[in-house]
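**Q** Just dropping this structure here.
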Amino acid sequence: MMAKRKHNFNAGPGALPMAVLQTVQRDLLDQGGHGLSVMEMSHRSAAYAPIIDGARAAIGELYDLPDTHEVLFLQGGASLQFAMVPLNLGSGGAYVNTGVWATKALKEARIIGEAHEIWSSAAENFGHVPGPEVALAVPEGAPYLHFTSNNTIYGTQWDHVPPADAPLVGDLSSDFMSRPVDVTPFDLIYAGAQKNAGPSGVTVIIARKTVSRRFGGDERTPKILRYATHASQDSMFNTPPTFAIYVVGLVARWVQAQGGLEGMARTNEAKARLLYEAIDRSPGFEGMARPDSRSRMNVTFTTGDKARDAAFVQRAEALDMIGLKGHRDLGGLRASIYNAVPMASVEALVDLIRSV
Ligand SMILES: Cc1ncc(COP(=O)(O)O)c(C=O)c1O
């Protein structure tokens, strides 16, 4: 029987591709003829090895990973990376503050040592990110420049990688696997999987091996908080989130089948264009992010009135569209149109916007 599915605009955990869910369902009781579920396998078994290796390889292929970089699967969400980055790369990092998550990363780094806020759009309610013309003043000797490529709450997204003399660290949690990214200038990319890449419980890391293979930090840093610990043990220092990694592998293969990151980006752009056009043309709605910073992942908009926004959410829910209430820090409305949200869901939302 075909399951009745909602139009899922949740910000995270978000929609997963139908084809992936069907594979999970098919494999759930008997993974690959082994007579048990992937959740019941030993992470060190011969049955599980191709699953984690395959997930790692699929991400490597998507990002055309050079030999200088590697993929790790960690736990603790993107939030743990706010601490692991300064613990491993050193204090004195430079932070571009484009929203709540960037602020949290900065605050965590300041618990560990010094950290510099070198740019902020807080005064404009985080409605935009720096354009390519903005020269970011990274203090001399800063071990890294940290930025958040997509700001889930505010619906803003970088269109470029910040040019900087320092190595880059990127929180790509909410646009990972949604468009091509050249990983070469990055010392570290991290992404909680639960938006585009899989279920919650695993954080995907792409690290420069000189960072992940050699720990140069304070020796009092617990082993579990060192990239080198995880890298030297192929992300099996302790029991990894085996099920989440399995699903991430399936999602990465699904993205490959959509034409890889280029194909995915084309579809995501088409979905976002359709939605922003409907918002811009409607007299009843306005976009919340500055047009030059608009995200292709999280579309923030409003009627300009709290009660009307709430009424819109209710009308949408009656039509099986969920997750449209804006984040409590910003208010308004938000449609998260991650990779797995089909064009048909965006069209349904656009129809509703046009009818208001
Ligand atoms: C950009 C960004 N960074 C970090 C986080 C925190 O992620 P986690 O809940 O995996 O710690 C989120 C969560 O929504 C996010 O959107």
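**Q** How big is the range 87-148 by Rg and Dmax over its Cα atoms, in Å?
**A** 11.4, 32
**Q** Could you tell me whether the range 270-356 comes out rounded, prolate or oblate from its Cα gyration tensor? Rule is a ≥ b ≥ c as square roots of the eigenvalues, rounded for a/c under 1.5, then prolate if a/b exceeds b/c, otherwise oblate.
**A** rounded
**Q** Quantify, in whole percent, the carbon and sulfur part of the accessible surface of the range 187-237 (1.4 Å probe; protein heavy atoms only).
**A** Accessible surface attributable to carbon and sulfur in the range 187-237 totals 46 percent.
**Q** If I histogram all Cα-Cα distances within the chain using bins 20 Å wide from 0, what percent of pairs lands in each bin?
**A** 30, 57, 13, 0
**Q** Another question, then. Given springs between every Cα pair under 10 Å in a Gaussian network model of the chain, which of Thr152, Thr103, Thr300 has the largest fluctuation?
**A** In this elastic network of the chain, the residue with the biggest mean-square fluctuation among Thr152, Thr103, Thr300 is Thr103.
**Q** Going Cα to Cα from Lys223, which aspartates and glutamates come in below 16 Å? Please leave out same-chain ones fewer than 8 positions away.
**A** List returned: Asp234.
**Q** Carbon and sulfur: what percent of the range 261-355's accessible surface (1.4 Å probe)?
**A** 49 percent
**Q** Something else: By the scheme Lys and Arg +1, Asp and Glu -1, what is the net charge of all other residues having a beta-carbon under 13 Å from that of Gln256?
**A** That sum, taken over residues with Cβ under 13 Å, equals -2.
**Q** Also: How would you classify the range 74-222 from its alpha-carbon gyration tensor, with a ≥ b ≥ c the square roots of the eigenvalues: rounded for a/c under 1.5, else prolate if a/b is greater than b/c, otherwise oblate?
**A** rounded
**Q** Averaged per residue, what accessible area in Å² does the range 21-257 show with a 1.4 Å probe, protein chains only?
**A** Ligands and nucleic acids excluded, the result is 40 Å² per residue.
**Q** Which pairs in the list Lys271/Lys306; Lys271/Lys325; Lys6/Lys104; Lys104/Lys306; Lys6/Lys325; Lys195/Lys271 are over 23 Å apart, alpha-carbon to alpha-carbon?
**A** Lys271/Lys306; Lys6/Lys104; Lys104/Lys306
**Q** Run the numbers on the range 21-257 and let me know its relative contact order in percent, using alpha-carbon pairs under 8 Å that are six or more apart.
**A** Across the range 21-257, relative contact order equals 25 percent.
**Q** Same structure, new question: Rounded to the nearest 10 Å², what accessible area does Arg179 have for a 1.4 Å probe in the complete protein model?
**A** The accessible area comes out at roughly 40 Å².
The values are calculated or read from the model by the stated rules, or taken from the named source; none is laboratory data. Please read these numbers as outputs of a predicted model, since none were measured by experiment. FYI the Cβ positions are ideal-geometry reconstructions off the backbone, even for glycines, and counts take in every protein chain you see. Keep in mind that these areas ignore ligands, DNA and RNA; they rest on the heavy atoms of the full protein, side chains included. Shrake-Rupley method; radii C 1.70, N 1.55, O 1.52, S 1.80 Å.
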